[in-house]
Every structure is written in C-alpha cells, then in structure tokens.
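Read-outs throughout are calculated quantities, based only on the coordinates presented, and are distinct from any laboratory measurement. Please read all numbers here as calculations on a predicted model, not as lab measurements. All Cβ positions, even for glycine, are placed from backbone atoms using ideal geometry, and neighbour counts span all protein chains on display.
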Amino acid sequence: MTPPRTVLVTGATGFIGRRLVPVLVEEGHEVRAMTRRPEEYDGPGTPVAGDVFEPESLTGPLAGVDVAIYLVHSLDDPDFERKDAEAARTFARAAADAGVDQIVYLGGLGAEGEDLSPHLRSRREVEKLLGSTGVPVTVLRAAIIVGAGGISWELTRQLVKNLPAMVVPRWVATRTQPIAVDDVIRYLVGVTGREEARGRVFEIGGPDQMTYLEMLQVAAEISSGRRVPIVKVPVLTPRLSSYWLALVTDVDVTTGRNLIDSMGTEVTVTDHAIRDVVPGDPLPYDEAVRRALADH
C-alpha cells in the first residue's frame, strides 16, 4: 500500500472523477477535487477552483500536490483535438512549475502505428504533451468503459432499451475489450503514487474481447431478457451514424461522430503488465453490465 499523498483530481465531477475521489479519500490520500464551480461540489475531498485552459487558475490547486490525475477531454466540441492539446500543454507546464511528482492520465487503447481515428490520435497526443515538461506520466489506456453515465455505455444501454430492432453499420463487427468502471477506478487508485508506475504506459481491459454487436446482444439479454434483431448494412457513414444515434439516444451528434470514428479500429489489450502493479482479476462484461444497469 502506498503512503498517503496529496492528490489533485481534475474533472472531479465527471463520469470517472466522481467515482474516483471517494475511493482515494478512503485510501487515506488528501484529495483536492478540481472543478470550475467548486461552490456546487458536494462530494468528499476539498473542492478547488481551476480551469485547464487558464494557467493562472492552476497555481493554487497544484501547490504542494504529489500526484495529479488528469481526466479532461473535449469530445463534445468539433475542435476537440486543438482544445485538448492546448489544455494538456497548459496543465503540463503548471504541474512542472508546481513540482508535481506524477501525472496519471486515462487514455485510449489502440496499437501504435495504426491509422488512428481523430479521437484516439488526440488521446495519444495528450499523453505526449502531458509528459513534455518532464513530469513522469502514468498512462492507463482503456477501450469502452462500462458504467452508468459513461458515454459509450449510455449509447449501448439506450440503443437496446429504445429500439425493438436495429439497422447498424459495419463497425459493429470490430473487436474491442470493454472494462468495468469499477476496475478503471481500481487501476487509477493502484498506480497513484506508485514509484514502479511512473513514466509507464499500461493497457487495461476486462477479460472479454468482443465485437460491438456481441456487446449489444449481451446488454439486451441482461436488460430485457431478449435479443434485439440486428441487420448490418454495408454503407452507413460516420456522419449518418451520428445522426442516427442522436435520434434514438441523448448523445449529441458531435460526441457520437467522434466516438463512431474510433469504432472502426480494433482496440484490444496486448500487454498485461498492469496486473503486476495492481493485482486482481477484472470483472467480466456481463457483470459490468449488471452493475451499470443497477446504478442507472
């Protein structure tokens, strides 16, 4: 067990952050929950005001911090690649100036050298930029995270809930490796302050490698007890797919488009080194689905 650290969590009110902060506090860390509206924060830890696009706002939150956990992205913005790069540069400079020992970043799975989508390419660029000022970065690369409130999971849940049958594009045949949000939190906490995790990239995933089609069918069976009839069509562009998703779910067109662009790339775990640092077996997909439905 690592000794208590002073930890800053950016995006503390988001899908991952609101689950992560309580666990870090339980582990004995002194946690600062960074948000642009600290007066509205009602979770554990100490709320602090900060904005990754405003360098001067980061000085106070980062003062005396040992570990900064970076959970920021702008996927709902058409210009997300530029914005995320700008934010990462700003945060990396501020963290170096503050003498932070470690930055922990939750990125995206995808083999090096592949023709990555803009979404995955941006995640990879953020990894590099966060480490550009000399602070050791620990990267956890994940595919779809299964948990109530996560965008990818909400797409899955709402599709199988709202549609009696589906016409889907070719990307449903792409393999991925979903991971339960509980395991993501366990890994994030496990690498926080760990010397052997500094400056390393880890791939994280559940035990099941599945196509998106299989994920939809399993989720449908668990949530409703029936399979959803699905017809694949050879031509359904990312743009059309994003409009279709916006029509039948509450995920906006821009976010849907950016996610769909990534779904043509196979993303599976090829390196299990994380289990040497954070032991334990991750939850299977069906159990992750049951927990996500129970939390909704």
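Quick notes on this one:
- Neighbour-count ranking [beta-carbon atoms within 10 angstrom, fewest first] of GLU214, GLU40: GLU40, GLU214
- Against the compact-protein benchmark of 2.2 N^0.38 Å, the Cα-based radius of gyration of the stretch 1-100 scales to 1.04.
- Simple label model, 7 Å out from Cα along Cβ direction - GLN158 to LYS128, nm: 3.4
- FRET E, pair ASP276, ALA148, Förster distance 41 Å, beta-carbon r, rounded to 0.05: 0.85
- Footprinting exposure proxy for PHE53, PHE80, PHE91 (fewest neighbouring C-beta atoms within 10 Å first): PHE53, PHE80, PHE91
- Likely footprinting exposure, LEU120, LEU24, fewest C-beta neighbours within 10 Å first: LEU120, LEU24
- Separation in nanometres of the label points that stand 7 Å from Cα toward Cβ, at GLU86 and GLU40: 2.2
- Sequence-distant residues sharing a close amide H with THR211 (under 5 Å, placed H): THR176
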